[in-house]
1. Being touching a helix residue (DSSP H, G or I) at 6+ places or on another chain (Cβ under 9 Å), surrounded by 15 or more Cβ atoms within 10 Å (Cβ to Cβ) and not acidic (Asp, Glu) is true for just one of LEU148, LEU155. Which residue is that?
2. Taking the stated definitions as given, is LEU108 touching a residue at least 12 places away in the same chain (Cβ under 8 Å), within 14 Å of ASP84 (Cα to Cα) and touching a Ser or Thr at 6+ places or on another chain (Cβ under 6 Å)?
Amino acid sequence: MASKVTTAPADLEETDAESEGQQQKSGSSFLGGLLARCKGLSRKQLILIAGGLLGVVLLGGVAAHFLAGSNKEGAAAPKAVFYDLPDMIVNLAASTERPQYLKLKITLEVENSSVIDAMKPAMPRVLDTFQVHLRELRAVDLEGSAGLFRLREELTRRVNHAIAPARIRAVLFKEIVVQ
């Protein structure tokens, strides 16, 4: 079998050589080609293209920052220790119709077990501050997620005040019953 060999015409070879020479003169082949293509565009089109490229670069940088941050946070997430408080039943602030009661099961989230050891001697003070605050509440104070959020924040503040300089992370509700 005979193999067939084809060659490029001489005029194509000369055109390729001329374009390579122009690219070398412009500094880099990519930038030179880009500049040559952009000469036919209007100023408005160039601004739009540059703005689009800048936006893509900025979005990529922001995405990379958040992805790198989420990996660091996931790897360094601290462990938590939980401590259950005894169940509490308190009567809410007096209403004219009938007495209302609040039953709570609370867990405290702490950094480590040394905080629990520091908290145990102050536990009567913690429970007292809870009782005093809870007895002043009305049933309407506990309505909705906003009411429970305010209660959580206030109880967290009171615990941290009672056990200072130790600190808890959060008060977590296991059960809340208003009757």
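Read the figures in this text as sums done on the coordinates, not as results from a lab. Keep in mind the model is a prediction, meaning the values are calculated, not measured. Note that each Cβ is placed from the backbone with ideal geometry, even for glycine, and that neighbours are counted across all protein chains shown.
1. Result of the check over LEU148, LEU155: LEU155.
2. Here the answer is no, as LEU108 does not meet what is asked.
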